[in-house]
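S.K.: Could you have a look at this structure, given as structure tokens, before my questions?
The values are calculated or read from the model by the stated rules, or taken from the named source; none is laboratory data. Keep in mind that what you see is a predicted model, and the values were worked out from it rather than measured. Positions of Cβ are generated from backbone atoms using ideal geometry, with glycine treated the same way; all protein chains shown enter the neighbour counts. Quick note on the areas: whole protein, heavy atoms, side chains included, nothing else; ligands and nucleic acids left out. Shrake-Rupley method; radii C 1.70, N 1.55, O 1.52, S 1.80 Å.
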Amino acid sequence: PIPYRISDRGPRAAAEVVDAFERLLDLLGGRMRAPEILDLLGIAAVRDRFGLAASDLETLREWITEAGIRWGVDAAHRRECGQPELHENTWRFGLDRLLLGFALDDETALFGGSLPYVHVEGSSGKVLGALVELLELLFRARERLARSRSAADWCTELRELLAATIADDASTADQVQELA
């Protein structure tokens, strides 16, 4: 065997949970771009928490792209970011399309002003449900983190966010404990 050593790896590269939590906090303070959420789901500890497989990422990437999701929770979030208050291309806009597509089978008819994205099939319901669960958690967390609070309350809030988004299993327990 040839002796070797991997160098130039920062602490984040070796600590998946720390990396995931830092990305999560950056995401919540920003525009919530589609690639950022997909990158977050690219981290095994986050995927595991929501019951997703690595193979589900390509499906999610396709759905998000084809449903027209770009960034922003909703029109109000876009306004907060100094952009026009448009519903189109937000997460709420895209989720409406995905959920309608799952429930309906006609992509040519508008329903409640939204065009269903019907390429979400019955067996994909679990993947769609996991995406919705993650996004609703992120939307609520974004609102909660915008409020002022004491240092002790911040600690509690961040611990709860960590527990809600990161799998706490044998492979991550040490890192989760260190952060908590």
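S.K.: Between Glu62 and Ser171, how many nm apart are label points set 7 Å from Cα along the C-beta direction?
M.R.: About 2.4 nm, to one decimal.
S.K.: Of the candidates Ala76, Ala141, Ala67, which one comes out as most mobile in a Gaussian network treatment of the chain with C-alpha springs shorter than 10 Å?
M.R.: Between Ala76, Ala141, Ala67, it is Ala76 that shows the largest mean-square fluctuation.
S.K.: What does the charge add up to near Gly68, with Lys and Arg as +1, Asp and Glu as -1, over the other residues with Cβ less than 11 Å from its Cβ?
M.R.: So the surrounding residues net to -1.
S.K.: Of (i) 22, 20, 17; (ii) 31, 22, 15; (iii) 28, 20, 16, which is the value of semi-axes √(5λ) of the Cα gyration tensor in Å derived from the coordinates here?
M.R.: Read-out taken from this structure: (ii).
S.K.: Right, here's the next one. Pull out the extension gain between Leu145 and His87, defined as 0.36 nm times the separation in residues minus the alpha carbon to alpha carbon distance; nm, one decimal. Walk me through the numbers before you get to the answer.
M.R.: On the way: separation 58, 0.36 × 58 = 20.88 nm, distance 2.28 nm.
Stretched out fully, the Leu145 to His87 stretch lengthens by 18.6 nm.
S.K.: Which helices, taking whole DSSP H runs in the chain, have alpha carbons extending 20 angstrom or more along the helix axis plus mean Kyte-Doolittle at least 0.0?
M.R.: Qualifying helices, which must be both long enough and hydrophobic enough, are 125-145, 151-165.
S.K.: Related question: What part of the accessible area of region 32-149, given as a whole %, is carbon or sulfur when the probe is 1.4 angstrom?
M.R.: Of all accessible area on region 32-149, carbon and sulfur atoms account for 50 percent.
S.K.: Grab the DSSP H runs of the chain that are 4 residues or longer, score each as -39,500 (n - 2.57), total them, divide by all residues and round the 222 nm result to the nearest 500 deg cm²/dmol.
M.R.: Values: 10 runs with 104 residues, N = 180.
Estimated from H runs of four or more residues: -17000 deg cm²/dmol.
S.K.: At 1.4 Å probe size, with every protein chain present, just tell me what the per residue accessible area of the chain comes to in Å².
M.R.: Normalised by residue count, the accessible surface of the chain is 57 Å².
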